[in-house]
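This is the structure, below, for whatever I ask next.
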């Protein structure tokens, strides 16, 4: 059985065709841009030479796959081409897919599930700069948890951004969950403290905490996050159980820089990458996973309330190369 047939069978075997199609549709812009560039390169060259590899390198960097990852990938491609004695440029595209899959498989359990407590309250803290879709992500996850029969409480801890509390309140009504809030400009840690007390008193399963995305400077922001975490840990010693960094995929390398900064300043346990359907630079998932070694736990593949999907590496690679994988799997 060929590599591509195994890849396709892996998705259908898990009975997740619907999810695979969501990734395929959500990554249309990236696939169109990335595959289009690769196809142009494959058609332009009659042989695999140094100029060919330079153009492939440029296409990968253009999709924000990440400089270090691209350099490693190109080195591996050159070795594989030599090992297999590949002379036809069109065959190289398949090797690229194999290598990208290997990046994730080599990381082992790269995308662990959320750390949900079987007994007691699970506290999830959301961090990230303003405008990345943090509040929307919290709302969509609240809806998912509620749909699973869990009792959910929201903490409106972003007291500094105008309208943030109101926005989260709209989502709480939409998802049918409780929200704890204070007045705008109040102490975020005090909001979270009250939310923990309320969630425990109500016997809630999940507490989702919004946080500020911007203070006067980065140091103040990180200090505020640490204060919130201390308040949570004082009430529930092993919490927060997750610190999810929300990033906007459409910002490409800027999202990568943000991930690096937050990783240096706080214990980020996972990434939520929003607006993946709105960018041609979806390769940023690879850069974050491979170069920063932070698991990507959710990706936003559309505007609808159920378009926030748990990240799946196989489906992601399929979304990037669906046409090629479908074509080769049939052979």
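Bear in mind these aren't lab numbers, they're just calculated from the coordinates by the rules spelled out. Every value quoted in this text rests on a predicted model; they were computed, and no experiment measured them. Positions of Cβ are generated from backbone atoms using ideal geometry, with glycine treated the same way; all protein chains shown enter the neighbour counts.
In this structure, is residue 169 in contact (Cβ under 8 Å) with a residue 12 or more places away in the chain and under 22 Å from residue 261 (Cα atoms)? Please lay out each step first, then the result.
Numbers: in contact (Cβ under 8 Å) with a residue 12 or more places away in the chain: yes; under 22 Å from residue 261 (Cα atoms): no.
Answer is no for this residue.
Moving on. Which of the following residues is without any contact (Cβ under 8 Å) to a residue 12 or more places away in the chain and surrounded by 14 or more Cβ atoms within 10 Å (Cβ to Cβ): 21, 50, 17? Please lay out each step first, then the result.
Numbers: 50 fails: surrounded by 14 or more Cβ atoms within 10 Å (Cβ to Cβ); 17 fails: surrounded by 14 or more Cβ atoms within 10 Å (Cβ to Cβ).
So the residue among 21, 50, 17 that is without any contact (Cβ under 8 Å) to a residue 12 or more places away in the chain and surrounded by 14 or more Cβ atoms within 10 Å (Cβ to Cβ) is 21.
For residues in segment 156-175 being in contact with a strand residue (DSSP E or B) (Cβ under 9 Å, 6 or more places away or on another chain) and surrounded by fewer than 17 Cβ atoms within 10 Å (Cβ to Cβ), which is nearest to residue 194 (Cα to Cα)?
It comes out as 169.
Can you list the helices (runs of 4 or more DSSP H) lying wholly within segment 237-331 that have 3 or more residues being in contact with a strand residue (DSSP E or B) (Cβ under 9 Å, 6 or more places away or on another chain) and in contact (Cβ under 8 Å) with a residue 40 or more places away in the chain? Can you show your working first?
Numbers: elements: 253-265, 284-287, 313-329.
Fully inside segment 237-331 and qualifying: 253-265, 313-329.
What is the residue count in segment 154-201 for residues that are assigned to a loop (DSSP other than H, G, I, E, B), closer than 16 Å to residue 234 by Cβ and within 26 Å of the chain's Cα centre (by Cα)? Before you say what the answer is, go through the steps one by one.
If we filter segment 154-201 for residues that are assigned to a loop (DSSP other than H, G, I, E, B), which is where we start, we get 156-163, 176-177, 181-187.
If we keep only those that are closer than 16 Å to residue 234 by Cβ as well, we get 157, 187.
Checking which are within 26 Å of the chain's Cα centre (by Cα) leaves us with 157.
Total satisfying the criteria: 1.
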